[in-house]
1. May I ask you to say which residue of ARG83, ARG78, ARG110, ARG115 is outside any loop (DSSP other than H, G, I, E, B), over 17 Å from SER9 (Cβ atoms) and either modelled with pLDDT of 90 or more or more than 18 Å from the chain's Cα centre (by Cα) (or both)?
2. Please identify the pairs in which a residue from the stretch 138-151 that is under 18 Å from THR177 (Cβ atoms) has its Cβ atom under 6 Å from the Cβ atom of a residue that is of a type in the set (Phe, Trp, Tyr) and surrounded by fewer than 24 Cβ atoms within 10 Å (Cβ to Cβ), counting only partners at least 6 apart or on another chain.
3. Please identify the pairs in which a residue from the stretch 20-47 that is without any contact (Cβ under 8 Å) to a residue 60 or more places away in the chain and of a type in the set (S, T, N, Q) has its Cβ atom under 6 Å from the Cβ atom of a residue that is open to solvent by 40 Å² or more (accessible area, probe 1.4 Å) and part of a helix (DSSP H, G or I), counting only partners at least 6 apart or on another chain.
4. Consider the stretch 66-87. How many of its residues are buried (at least 21 other Cβ atoms within 10 Å of the Cβ) and among the acidic types (Asp, Glu)?
5. State yes or no: is GLU38 within 14 Å of ASP196 (Cβ to Cβ), open to solvent by 20 Å² or more (accessible area, probe 1.4 Å) and not basic (Lys, Arg)?
6. Looking at the stretch 1-20 only, could you name the residues that are surrounded by 14 or more Cβ atoms within 10 Å (Cβ to Cβ) and closer than 24 Å to ARG67 by Cβ?
7. List the pairs whose first member sits in the stretch 171-185 and is under 13 Å from LEU157 (Cα atoms) and among the aliphatic types (A, V, I, L, M), whose second member is modelled with pLDDT of 95 or more and assigned to a loop (DSSP other than H, G, I, E, B), and whose Cβ atoms are under 9 Å apart, counting only residues at least 6 apart or on separate chains?
8. Just to be sure before I move on: is SER215 modelled with pLDDT of 90 or more and open to solvent by less than 60 Å² (accessible area, probe 1.4 Å) in the structure I sent?
Amino acid sequence: MAGTSVDVSASRFLQLVADPQRWQLLTALAASDRRVGELSDLLGKPQNLVSYHLRELRSAGLVAGRRSSADGRDTYYRIDLPRCGALLCAAGAAIDPALRLEVLPAAHSRSLRGRRPRVLFLCTGNSARSQMAEALLEHRSGGRIVARSAGSNPKPLHPHAVRIMAERDIDISQHTTKHLSRFARGRFDRVITLCDKVREICPEFPGRPTAAHWSMADPSAEEDTDGSRAAFVRTADELETRIGVLIAQLTEQHDEGNTHAR
């Protein structure tokens, strides 16, 4: 997600997130990108009220919106977690330097005992977004999390996806694209759709895995120019950020599960 230049004071940030409904919106968006209607249902509030609070959060750069590629009349909203984290840290320091907080990166060396969490990424062509997400998650988790990817209409692996991953020391040149039906009987802890169109047709998976949606533009939809390559870089950057958060979430859930099992 692109950064924002909006200047928000510590007191303004705390004022924004102190509102119970805005807090609910942020926590809902931390779990998945959502449309206004979905957020309205979750909060049990009318859409015009939810839209008002979203505008307040957008004005501070805490939330961003993107037109749905499945239905241009809809907008998917997503939280800017790095910005929220930075403002939360700054709010503590504004009271007293001794209260400065730090956002810790996802731990790479922390081991996960027992069964490894399993994540399935889905998009339309399985040629770029989901392939990059799969590779980044396995790489950044040091293999502690199993990642797979598939598409509703598989296409050949996009060369820009291969190049951009290679620049990050990740080789996906031998990856193959797969139809999502291949994993119809597979068990996953989380299924993440990266394409608005796939989200609309995503099937049920065994075991009722946690479902999440990351509304991301298809970088291969741009013309095959330097601009197209830039779109793949932006996609990889956004995936890096989201996957860092995902690793932290899965690690925390895994640890909690082990604690309850003892």
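The values are calculated or read from the model by the stated rules, or taken from the named source; none is laboratory data. What you are looking at is a predicted structure, and each value in this text was computed from that prediction instead of being measured. Ideal geometry is used to build each Cβ from the backbone, glycine not excepted, and the neighbour counts take in all protein chains shown. Keep in mind that these areas ignore ligands, DNA and RNA; they rest on the heavy atoms of the full protein, side chains included. Shrake-Rupley method; radii C 1.70, N 1.55, O 1.52, S 1.80 Å.
1. Working: ARG83 fails: over 17 Å from SER9 (Cβ atoms); ARG110 fails: outside any loop (DSSP other than H, G, I, E, B); ARG115 fails: outside any loop (DSSP other than H, G, I, E, B).
Unique residue meeting the criteria: ARG78.
2. ALA150/PHE183
3. From the stretch 20-47, the pairs are SER40/GLN47.
4. Adding up the residues that qualify gives 1.
5. Details: within 14 Å of ASP196 (Cβ to Cβ): yes; open to solvent by 20 Å² or more (accessible area, probe 1.4 Å): yes; not basic (Lys, Arg): yes.
So GLU38 fits the description; yes.
6. MET1, THR4 - these are the residues of the stretch 1-20 that are surrounded by 14 or more Cβ atoms within 10 Å (Cβ to Cβ) and closer than 24 Å to ARG67 by Cβ.
7. The qualifying pairs are ILE172/LEU157.
8. Working: modelled with pLDDT of 90 or more: yes; open to solvent by less than 60 Å² (accessible area, probe 1.4 Å): yes.
Judged against the criteria, SER215 is a match.
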